[in-house]
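What follows draws every value from the coordinates through simple rules; no lab data is involved. In this text the structure is predicted, and so the values were computed from the model without any measurement. Reconstructed Cβ throughout: ideal geometry from the backbone, glycine too, with neighbour counts over all protein chains shown.
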Amino acid sequence: MTVSPIQPARIVQITEEDGTVVFKSLGDWTVNNLQEAVQYLDEFASTARKTPIQWDVSSVGKIDSAGIGLLFHYYDFLSTRECRIDITGQTPEFQELYELLRPMATAQAVEKPSLFSRWLSPLAKIGESVSNSWRDLLAFLSFVGENSAALMLTVRHPSSIRFAAIIKNIEEAGVRALPIIALTSFLIGVVIAYQGAVQLQKFGANIFIVDMIAISITRELAPLITAIVVAGRTGSSYTAQLGTMKITEEIDAMRIMGFEPHRFLVLPRIIALMISLPLMIFFADIIGIAGGMLVSNIHLNISYPEFINRLQDVLDINHVWIGLVKGPFFAWLIAITGCFRGLQVSRNTESIGRYTTISVVNAIFLVIACDALFSVVLTELGI
């Protein structure tokens, strides 16, 4: 028994006197043998316009769905170029495959984009991004409004406040975050002290390292770094928790039973973070200053009593309060963003990762923007 060798798919073109182009299809039109035919058809289709075509498939050997699909594609594409196409010589095998797959094929051919459309494509993507951002903003404002309404209802009925849930979320978002905040704040204090010491030593102004460490950490760095850490840790967990509950239809079940998700899921998380973040900032102030004090003692020979005495002279309580006041604002932005993105999760696990990433990016951006706004306003007020 001999097996006939596989012949690559190809087309022989014959042009008749009346201008009709005859395509004589030869070889095996299977998935691994179509390269030559594709190359020829691409070249022909790029210049064809209002050309009568007779496509003879009587000499086609083996054919599979890829070969039929290729024929469908160029048939539809050439039809958009006003070419009249007649297919002749169909074998029973070809006809059966044609009738099976034609209803599933895309009826509308996709024409190659023109230079003008390719030039407009980036603008279309920008427009789509702006439209999606605007839609997200409206959805976010609607979510904030719903949350505010739930808060007002809770204030009117204090007995409905879920203290147990708030305390549990304070433990999750605050107490368990202290180790990473302590490490981050300590390293920030060390870095500020080292970088400042190099410059101050040149002018013999070693003692002013205390001013730099105390004011920069309490007023700016401790609130900002703590908020960024919390956004990455707690904001992402809020999104993942609510997203998982949405996928498992727990939130739908709560609504059916008459439990409003904003009151039972969102508000406790927001309140807990608004309580715990200022406390974490105060904790970060202490650890950051301690890190700077350690480096000052080692690198600049400033004793601990000398550092503390200078700290009492230069650190105004207003600097500490400014840092602490930022805490509830940062916490609200982080919590509301995490919960909003969590409730946007669709009913598949892939969207949890996508919206968790979006939540962290949005929260960090909002925190930095809010901190910049604080800096501008406080500077203008002379505080």
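Summary of computed values
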| item | result |
| --- | --- |
| Alpha-carbon spread of the stretch 184-301, three principal axes, descending order, Å | 71, 21, 17 |
| The stretch 278-383: trypsin sites (Lys or Arg not before Pro) in DSSP loop, at most 16 other beta carbons within 10 Å | ARG347 |
| Rounded, prolate or oblate (a/c below 1.5 giving rounded, otherwise prolate when a/b exceeds b/c) for the stretch 290-362 by Cα gyration tensor | oblate |
| Top positive-direction residue, dipole computed over the stretch 161-381 with Cβ charges, set THR234, GLY204, ILE217 | THR234 |
| Estimated FRET transfer efficiency when R0 is 25 angstrom, pair GLN199-ILE383 (beta carbons, to 0.05) | 0.40 |
| Degrees separating the helix 304-314 axis from the principal Cα axis of the chain, which is the longest one | 80 degrees |
| Cα lying deepest toward the dipole's positive end in the chain, options SER359, VAL21, VAL190, charges on Cβ | VAL190 |
| Inter-part distance where the stretch 65-92 and the stretch 211-266 are each reduced to a Cα centre, Å | 57 Å |
| For the chain, size of Cβ-based charge dipole, Lys and Arg +1, Asp and Glu -1, in debye | 1200 debye |
| Euclidean distance between Cα centres, the stretch 130-161 to the stretch 306-383, Å | 19 Å |
| Coarse-grained scattering of the stretch 248-320 at q = 0.22, 0.26 Å⁻¹, given as base-10 log I(q)/I(0) from a Debye sum over alpha-carbon atoms | -0.99, -1.12 |
| Degrees, to the nearest 10: 92-101 long Cα axis against longest axis of the chain | 30 degrees |
| Per residue convex hull volume, Cα atoms of the chain, in Å³ | 298 Å³ |
| Sequence-distant lysines (8 or more away, or on other chains) whose Cα lies within less than 28 Å of LYS24 | LYS50, LYS62, LYS112 |
| The stretch 38-102: trypsin sites (Lys or Arg not before Pro) falling in loop per DSSP and having at most 13 other Cβ within 10 Å | ARG49, LYS50, ARG84 |
| DSSP-defined antiparallel bridges as percent of all bridges, the chain, nearest 5 | 35 percent |
| Taking the C-alpha atoms of the stretch 161-381, convex hull volume expressed per residue in Å³ | 132 Å³ |
| Relative counts (whole %) of C-alpha pair distances in the stretch 172-247, using bins that are 10 Å wide | 17, 36, 24, 14, 7, 2, 0 |
| Alpha carbon Rg of the stretch 1-102, scaled by the compact-globule rule 2.2 N^0.38 Å | 1.06 |
| Whole-number Å³ per residue for the convex hull built on Cα positions in the stretch 6-65 | 84 Å³ |
| Among GLY69, GLY353, GLY127, residue whose mean-square fluctuation peaks in a GNM of the chain (springs only between Cα atoms under 10 Å) | GLY69 |
| Cα-based helix-to-principal-axis angle, 163-173 vs the chain, degrees rounded to 10 | 80 degrees |
| Built amide H within the under 5 Å cut-off of CYS83, gap 5+ | LYS50, THR51 |
| Highest-fluctuation residue, THR80, THR357, THR244 considered, GNM on the chain with Cα pairs under 10 Å | THR80 |
| Reach of LYS326 by Cα under 15 Å, taken over aspartates and glutamates that are not fewer than 8 positions away in the same chain | GLU220, ASP285, ASP371 |
| Exposed-site-free run, longest, the chain (rule: GluC sites (Glu not before Pro); DSSP loop; at most 15 other C-beta within 10 Å) | 112-248 |
